[in-house]
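Q: Attaching a single structure in structure tokens format; questions to follow.
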Amino acid sequence: MPKNQHFISHIRITISTLFILCSTLLSDKLSAQVYSSDQNPPSLRWRQINTPNFQVIFPSALSEEAQKITAVLETIIEKERQSIRVRPKKISIILQNQGVTSNGFVELAPRRSEFYTTPSQSFDFQSWLNSLAIHEMRHVIQFDKLTGKLNAPFFEQLALAIFGITLPPWFFEGDAVVTETALTDAGRGRIPEWSIALRANTLSGRNFSYSKNFLGSVKDFSPGYYQLGFFMTSKLRKDYGEDIMEQLFSRMVKQPFRPYNLSRSMKNLTGMNTRQLHDSTISELRRLWQAQADRSNTRDYPSINRRRDSVPENYLMPQTLPGGEILALKQSKASTPRIVRINASGKEKKVLEIGHQELPWFGYGGGKIVWDEHRFDGRFHQRSFNVINVYDTLSKKARQITKKTRLFAPSLSPDGSRIIAVSVSYTNEISLTEIDAASGKELRRFRSPKNDMLQMPSYSPDAKKAVVVAVSDSGKTLLELDLDLAEFAPLLPYQKQEILRPVYAEGSIFFKAHYNGTDNIYRLQLADRKIFQVSSAKLGAFNPFYDTISKKMTFNTYTPFGYDIATLNANSLENTPLEEVKNHFVDYGNAAYQQEGSSNILYDVIHKSYPSTKYNEWNNLFNFHSLIPIVEDNPYFDNSNIGLEIQSDNLLNTMSFYTGYQYNNALRKSEYNAGFAYKRFFPILNVNYLNRPRLIYRRATSNNVTTYTPVTWRENEIKAELSVPLTFNRFNHTYGLTFKTGTSLTNRYDIENRMPSLVTRLDFPMHYQLSASHNSRRSARDLVPRWGQNITLTYRHFPFEPRVEGQLFVFRSTLYFPGLMRNHSFAASFNFQEGDGNYQNAVDVPRVAGYSFLTPIGNTYNTLFFNYRFPLFYPDLEMGPLAYIKRIKVGLFADFENVGHNNRFSPRSFGAELRGDMNLLRFYLPNFDIGGKVVFLNDRPGRKPIFETIATYSF
């Protein structure tokens with residue numbers, strides 16, 4: 001379901017607003033990172049379905065899915081607008097089938113929604129795309145209620161700004177989760193594990209602040225804004241009735257630029273601002289969840305793993321080895337994911353580190369470990385893959401055995417010779433695929449009955465059968481596959497349960513479900529199909545594994561510090577018959593469900609055939625959406641240029657275009673610009689045009705009298721650049737390779753006071769750049785990669801211009817190494833340049849700190865930087881609504897210039913910096929890095945140190 005990417009698209013204009021605000025308060029350094037969109041492979045053929053409410057754009061392979069989702073969209077849109085009364089405008093829905101991430105988002109500028117169609121291995125108990133549609137269409141309703149009068153081609157970016165500044169993500173995402181839960185029999189609001197971090201913290205007395213629960217923490221596990229928002233918006237609807245959302249939005253619309261608009265509107269309607277609503281919600285949940293725990297007769301299960309410190313860590317999917325040790329997938333805020341081996345005393349040892357996964361997962365069998373990992377396409381990042389890796393515990397070697405596959409949740413046969421995994425095709429055809437564990441070759445494929453989504457398969461002890469979870473709009477069930485007969489048999493009726501991780505256990509199957517309102521382990525007795533509850537954890541029990549040798553069930557429990565490992569002997573299992581299990585679930589969203597009619601909207605969908613036509617990208621290259629005010633520094637004078645720019649971005653992210661006008665305040669003349677980036681094919685083409693005035697002063701000396709004569713002209717400049725950006729990942733490492741080449745054409749005219757040395761036409765100066773990088777994966781507490789090598793080579797010259805000479809070669813590098821302690825880092829950066837002719841005095845390498853205060857030593861040939869950085873502590877300090885400080889960090893540095901020239905080997909400057917990672921004004925994004933820096937100049941004795949302020953932000 002929607003992730004941070006979703007929110008990033010909503011907040012881009014907020015970044016610009018905060019940038020201007022902060023630039024007035026802070027000095028010296030300010031930088032930013034910008035959100036960008038990815039492309040699909042150019043070979044895709046697109047089609048479209050047009051209805052009065054939607055334009056559904058889809059790859060031709062998804063024609064069947066497009067018909068289904070169009071019917072769903074047309075049905076749900078009327079129902080979704082009842083609690084926020086607005087008639088939404090027509091919107092484009094793009095179905096993306098090339099990636100393996102389950103996601104979706106709605107954005108303005110340009111107005112569209114994207115559905116990533118590959119289902120997850122863990123979501124609620126209904127069809128993925130139907131659930132996604134309900135969630136995303138609620139965002140369309142929110143957009144159009146708050147900003148619906150601001151339309152393309154001029155005002156979508158303004159609408160985006162108003163939406164991003166007015167609504168915190170906990171509110172609009174929480175309301176969307178409430179909606180997906182209220183309009184169906186499923187939804188994340190009905191899954192106990194989904195909110196387990198908030199429940200654990202609340203029941204254990206960890207009273208986190210509103211900012212910490214909303215904005216997150218590097219110190220502790222906090223709930224996340226989806227979860228927090230679900231409960232806070234559910235409370236609004238529960239306590240203030242079904243019209244509260246309509247009242248809130250209507251009030252906010254009247255004063256769209258009022259600071260803290262949501263909080264003030266809420267205060268007026270409910271008597272509580274957002275912080276007070278948070279505190280009231282948590283207080284009520286504490287009482288309800290404690291009552292639930294008291295009624296559930298829970299037990300405590302001792303943890304096998306031993307925590308060394310207070311660092312939040314998860315020990316997931318424990319599996320017993322033949323010698324009695326336990327394998328687990330360890331996730332930590334202080335280290336990257338790894339598989340560890342834990343002995344009987346709780347001591348752990350790292351087996352191997354693993355890369356990014358769509359869902360934490362691994363399996364063991366026959367002396368081998370199997371797991372899946374995400375791989376993205378080197379160039380077209382809308383396309384990605386899920387590959388299978390195998391680690392041999394005897395040879396201690398890891399191998400990737402499949403390439404460019406879409407395989408999920410692999411499990412090994414007991415002898416380690418075969419692997420069974422879920423396969424999702426580009427047409428969303430679901431299968432179980434069996435592959436050879438040595439070669440990765442596909443052995444057999446078993447199509448899912450009714451094309452239900454399949455999740456988390458597992459072999460039987462004799463490897464003749466496999467059990468798997470199946471998901472449809474009717475709920476979840478367990479299917480058993482007879483591998484010899486190639487037949488599936490249902491083991492349960494479909495039910496509204498979050499069933500996961502089934503495993504065989506001597507005539508039974510263990511699995512996770514929440515029949516009693518809390519996630520626990522249940523046992524399905526295969527002989528008579530009876531179900532028994534075998535655990536009674538207070539916060540939840542998950543990921544069962546049964547060892548046939550020791551007759552023990554190993555599983556996960558949860559604590560405020562993360563998932564722990566527990567074990568039970570077979571004779572210690574509770575075995576409470578399901579008919580005696582009472583459901584004590586705290587259904588906090590039930591009021592909204594009743595307000596919406598207590599029915600499943602998906603039952604009302606009437607499927608029919610919609611006509612589809614070809615979607616031609618060439619006919620849709622331009623999509624003007626926003627007129628943007630421009631305020632930027634003049635690169636040649638201490639003044640600003642102001643103007644307007646109209647922007648166009650097509651729906652498939654292949655063509656961006658802009659054109660604009662600026663007024664040069666310094667010269668009191670007009671400037672014109674335009675440009676485009678075409679990104680459909682393997683190389684990316686960028687072309688920019690600028691027409692601008694210029695001014696320089698001609699110096700002349702006569703009879704010891706120096707005069708300066710202004711020389712003015714206008715110039716047309718056209719720049720073109722071709723680039724090929726490639727990014728690859730493998731295991732725990734990411735690799736990058738980018739090549740760029742570009743040129744320009746400059747023509748100067750209307751010259752006044754012309755001087756002989758002024759070149760009126762500059763033909764095609766060339767530049768080339770090659771960048772290569774390798775960086776290891778970072779943990780949440782790492783400031784930079786533990787290992788990394790980043791190198792850039794640049795060359796500039798004038799091969800087509802005989803009147804101008806010169807060339808410039810530049811080498812830039814940054815290397816990362818582990819520091820002395822965990823999460824400490826050491827970085828070394830060496831930069832070198834050599835130029836002549838027109839580039840004789842050019843400086844294209846970074847300067848040493850405090851350069852403008854140092855005595856000049858001539859041309860800069862090289863610079864060398866050493867940096868040591870480490871986190872100091874994690875205060876999670878809420879300073880009212882102004883700032884929330886997550887981390888304080890320290891840096892030590894020494895900067896060298898022209899090393900080796902004139903026997904120079906001492907640093908030109910050195911010093912230290914103290915910085916903090918924080919959120920300002922309770923905006924979730926951007927993340928600000930603000931602090932101060934003291935620079936000591938190793939120039940002349942007695943020089944006073946230089947103090948600088950630093951402010952950067954990033955997504």
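Only the coordinates and a few stated rules stand behind these numbers; no lab work does. Predicted, not measured: the structure shown is a model, and the values here were computed from it. Please note: Cβ atoms are built from the backbone with ideal geometry, for glycine as well, and neighbour counts cover all protein chains shown.
Q: Could you name the aspartates and glutamates in cross-link range of residue 552, using Cα to Cα under 13 Å and dropping any fewer than eight places away on the same chain?
A: 325, 506
Q: Starting from the Kirkwood Rh over alpha-carbon pairs, what translational D in µm² s⁻¹ does region 73-142 have by Stokes-Einstein at 4 °C and 1.567 mPa s? Don't skip to the end; give the middle numbers.
A: Numbers: Rh = 12.8 Å.
Diffusion coefficient, whole number: 101 µm²/s.
Q: Please state the charge dipole magnitude for the chain, taken about the Cα centre, from unit charges on C-beta atoms (+1 on K and R, -1 on D and E), reported in debye and rounded to the nearest 20.
A: Details: 113 positive and 89 negative charges, 307 e Å.
It comes to approximately 1480 debye.
Q: A further question follows. Could you pull out every one of the lysines with an alpha carbon less than 24 Å from that of residue 740, ignoring same-chain neighbours closer than 8 positions?
A: Of all the lysines, those that pass the test against residue 740 - Cα under 24 Å, at least 8 places apart if same chain - are 679, 719.
Q: Between residue 267 and residue 209, take the C-beta separation as r, use R0 = 25 Å, and let me know the FRET efficiency to the nearest 0.05.
A: Working: r = 19 Å, r/R0 = 0.75.
So the FRET efficiency works out to roughly 0.85.
Q: What are the semi-axes of the equivalent ellipsoid for region 793-859, taken as the square roots of 5 times the Cα gyration tensor eigenvalues, largest first, in whole Å?
A: Values: eigenvalues 219, 58, 8 Å².
Working from the Cα gyration tensor, I get semi-axes of 33, 17, 6 Å.
Q: Multiply the residue separation of residue 604 and residue 902 by 0.36 nm, subtract the distance between their alpha-carbon atoms, and state the gained length in nm to one decimal.
A: Working: separation 298, 0.36 × 298 = 107.28 nm, distance 8.25 nm.
Stretched out fully, the residue 604 to residue 902 stretch lengthens by 99.0 nm.
Q: Please arrange 54, 555 by counting, for each residue, the other beta carbons lying within 10 Å of its beta carbon, fewest first. Don't skip to the end; give the middle numbers.
A: Values: 54 23, 555 29.
Lowest count first: 54, 555.
Q: Give the separation of the Cα centroids, region 219-280 to region 559-629, in Å.
A: A separation of 22 Å, based on Cα centres.
Q: So, in nm, how far is label residue 804 from label residue 550 when the simple model puts each one 7 Å beyond its Cα toward the Cβ?
A: Reported label-point gap for residue 804 and residue 550 is 7.3 nm.
Q: Moving on to the next point. Run the dipole for region 313-580 about the Cα centre, Lys and Arg Cβ at +1, Asp and Glu Cβ at -1, nothing else charged, and hand back the magnitude in debye, nearest 20. Mind showing how you got there, number by number?
A: On the way: 35 positive and 30 negative charges, 187 e Å.
About 900 debye.
Q: Could you name the aspartates and glutamates whose alpha carbon sits less than 13 Å from that of residue 403, not counting residues in the same chain fewer than 8 places away?
A: 372, 373, 377, 442
Q: Another one. Please give the length that would be gained between residue 255 and residue 749 if that part of the chain were fully extended, namely 0.36 nm times their separation in residues minus their C-alpha to C-alpha distance (nm, one decimal). Walk me through the numbers before you get to the answer.
A: Values: separation 494, 0.36 × 494 = 177.84 nm, distance 4.95 nm.
172.9 nm is the gain from fully extending residue 255 to residue 749.
Q: Still on this model: Over the chain, what is the mean sequence separation of C-alpha contacts under 8 Å (at least six apart), divided by residue count, expressed as relative contact order in percent?
A: On the way: 2354 pairs, mean separation 100.7, N = 955.
Computed value for the chain: 11 percent relative contact order.
Q: For the chain, divide the Cα radius of gyration by the Kirkwood radius and give the resulting Rg/Rh value with two decimals.
A: Reported Rg/Rh (Cα atoms, Kirkwood Rh): 0.99.
Q: Another question about this same structure. When only alpha-carbon atoms count, how far does region 430-584 stretch along each of its three principal axes, as whole angstroms with the largest first?
A: Taking max minus min along each principal axis of the Cα atoms, region 430-584 gives 43, 35, 34 Å.
Q: Can you give the helix-only mean residue ellipticity at 222 nm for the chain, where every DSSP H stretch with n ≥ 4 adds -39500 (n - 2.57) and the sum goes over all residues, rounded to the nearest 500 deg cm²/dmol? All intermediate terms of the calculation are to be shown ahead of the outcome.
A: Values: 13 runs with 163 residues, N = 955.
Value at 222 nm, helices only, nearest 500: -5500 deg cm²/dmol.
Q: Continuing with this model, one more query. Let me know the shape class of region 490-577, please: from the alpha-carbon gyration tensor, a ≥ b ≥ c as square roots of the eigenvalues, rounded when a/c is under 1.5, otherwise prolate if a/b is greater than b/c, or oblate. Could the numbers behind the result be given before it?
A: On the way: a/c = 1.83, a/b = 1.17, b/c = 1.57.
It comes out oblate by the Cα gyration axes.
Q: Placing +1 on the Cβ of each Lys and Arg and -1 on the Cβ of each Asp and Glu in the chain, which of 67, 955, 485 has its Cα farthest towards the positive end of the resulting dipole?
A: 955
Q: Please find the FRET efficiency linking residue 485 to residue 738, where r is the Cβ-Cβ separation and R0 is fixed at 45 Å, and quote it to the nearest 0.05.
A: Working: r = 52 Å, r/R0 = 1.16.
That gives a FRET efficiency of 0.30.
Q: Farthest toward the dipole's positive end in the chain, which of 98, 457, 603, given Cβ charges of +1 (Lys, Arg) and -1 (Asp, Glu) about the Cα centre?
A: Ranked along the dipole, the leading option is 98.
Q: If you keep only loop residues by DSSP, which trypsin sites (Lys or Arg not before Pro) in region 134-173 have at most 12 other Cβ atoms within 10 Å of their Cβ?
A: On the way: sites: 138, 145, 149; in loops: 149.
Listed in order of number, the matching sites are 149.
Q: On to the next question. For the pair residue 659/residue 712, report the inter-label distance in nm, with labels modelled 7 Å from Cα in the Cβ direction.
A: Taking the two extended label points, one gets 2.7 nm.
Q: Could I ask something else about it? Between residue 674 and residue 633, take the C-beta separation as r, use R0 = 22 Å, and let me know the FRET efficiency to the nearest 0.05.
A: Values: r = 20 Å, r/R0 = 0.93.
Approximately 0.60, to the nearest 0.05.
Q: Separate question: Would you mind checking the pairs 538/889; 368/889; 397/450; 267/512; 79/149 and listing those with alpha carbons more than 30 angstrom apart?
A: On the way: 538/889 37 Å; 368/889 41 Å; 397/450 40 Å; 267/512 42 Å; 79/149 22 Å.
Pairs exceeding the cut-off: 538/889; 368/889; 397/450; 267/512.
Q: Can you give me the three principal axis dimensions of region 313-580 from its C-alpha atoms, in Å, biggest first?
A: Ordered largest first, region 313-580 gives principal extents of 55, 46, 33 Å.
Q: Still on this structure: If I model region 694-809 as equal point scatterers sitting on the Cα atoms and use the Debye formula, what is log10 I(q)/I(0) at q = 0.24 Å⁻¹?
A: One equal scatterer on each Cα of region 694-809 leads to -1.26.
Q: Could you put 397, 464 in order, starting from the residue whose Cβ has the fewest other Cβ atoms within 10 Å? Don't skip to the end; give the middle numbers.
A: Details: 397 10, 464 13.
Going from sparsest to densest Cβ surroundings: 397, 464.
Q: Also, I was wondering about something else. Just grab the label-to-label distance for residue 879 and residue 695, each label 7 Å out from Cα along the Cβ direction, in nm (one decimal).
A: Calculated label separation equals 4.0 nm.
Q: Tell me which DSSP H helices of the chain clear both cut-offs, 18 Å or more of axial length from alpha-carbon atoms and a mean Kyte-Doolittle hydropathy of at least 1.0.
A: Details: long enough: 12-25 (20 Å, 1.57); 63-80 (25 Å, -0.33); 128-147 (29 Å, -0.01); 169-182 (19 Å, 0.20); 225-240 (21 Å, -0.62); 274-295 (31 Å, -1.21).
The answer, listed by residue number, is 12-25.
Q: When only alpha-carbon atoms are used, what values of Rg and Dmax, in angstrom, describe region 540-649?
A: 30.5, 82
Q: Let me ask something additional. By counting other Cβ atoms within 10 Å of each Cβ, how are 100, 471 ranked from fewest to most?
A: Values: 100 22, 471 27.
Ordered by Cβ neighbours within 10 Å, fewest first: 100, 471.
Q: Next question, about the same structure. What ranking do 602-613, 334-345 get when scored by the average of other Cβ atoms within 10 Å per residue, highest first? Before the final figure, lay out each step's value.
A: Values: 602-613: 12.0, 334-345: 16.8.
My ranking of the peptides, most packed first, is 334-345, 602-613.
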